[in-house]
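Reviewing the structure listed below.
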Amino acid sequence: MVLPSSHYDQARHDAAFHVQVELIKLPTGADTPCTITVCARVVEVFRALKSINPGDTVRFGVDVNRRDDEIPAGGTIWIDYDNLSSARFMEVFLDGDPPDCQVALWNCQLIDSPSRKPKMKE
């Protein structure tokens with residue numbers, strides 16, 4: 001069961017960072033569903049309550065699954081592992097102290113390319 005949208009909205013509002021990143025390292029051969037650690041380079045900063053700049057490296061967990069996986073019930077928003085593996089960019093709301101961060105209540109999405117304007121609402 002997915003959480004009410006207000007929970008995800010509040011997590012975006014409260015997140016320390018709203019950035020777009022270039023994915024630079026993903027684990028291969030993950031036994032899904034699982035959480036994998038993504039290594040990425042910041043390319044756009046829309047909001048930063050602490051110091052983070054384009055070019056900085058961040059690490060954060062992403063919950064991934066494959067089409068035929070049996071996934072547990074809960075508020076997790078899963079990203080397709082194969083789509084993530086072939087993606088180059090992501091927009092994400094993060095908390096933490098860079099480079100070690102956490103996605104704010106699964107508020108992330110794969111994007112085709114970075115942009116000057118965010119694709120996800122604040």
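The values are calculated or read from the model by the stated rules, or taken from the named source; none is laboratory data. Keep in mind that this is a model prediction, so the values were computed, not measured. Neighbour counts are summed over all protein chains in view; Cβ atoms, including those assigned to glycine, are modelled from backbone coordinates with ideal geometry. What goes into the accessible areas is simple: the full protein's heavy atoms, side chains included, and nothing from ligands, DNA or RNA. Shrake-Rupley method; radii C 1.70, N 1.55, O 1.52, S 1.80 Å.
Among residues of the stretch 21-47 being among the small types (Gly, Ala, Ser) and buried (at least 16 other Cβ atoms within 10 Å of the Cβ), the one that is modelled with the lowest pLDDT is Ala30.
For the residues Asn53, Asn83, Asn107, the requirement of being among the polar types (S, T, N, Q), touching a strand residue (DSSP E or B) at 6+ places or on another chain (Cβ under 8 Å) and open to solvent by less than 20 Å² (accessible area, probe 1.4 Å) singles out Asn107. Among the residues in the stretch 70-79, are any within 18 Å of Ala11 (Cβ to Cβ), among the small types (Gly, Ala, Ser) and either assigned to a strand (DSSP E or B) or in contact with a Lys or Arg (Cβ under 8 Å, 6 or more places away or on another chain) (or both)? No: zero hits.
Restricting to the stretch 11-35, name every residue that is outside any loop (DSSP other than H, G, I, E, B) and free of Cβ contacts under 8 Å to residues at least 40 places away in the same chain. Passing the criteria: Ile24, Lys25, Cys34, Thr35. Selection over the stretch 49-67 of residues that are at pLDDT below 95 and more than 19 Å from Trp106 (Cβ to Cβ) gives a count of 3.
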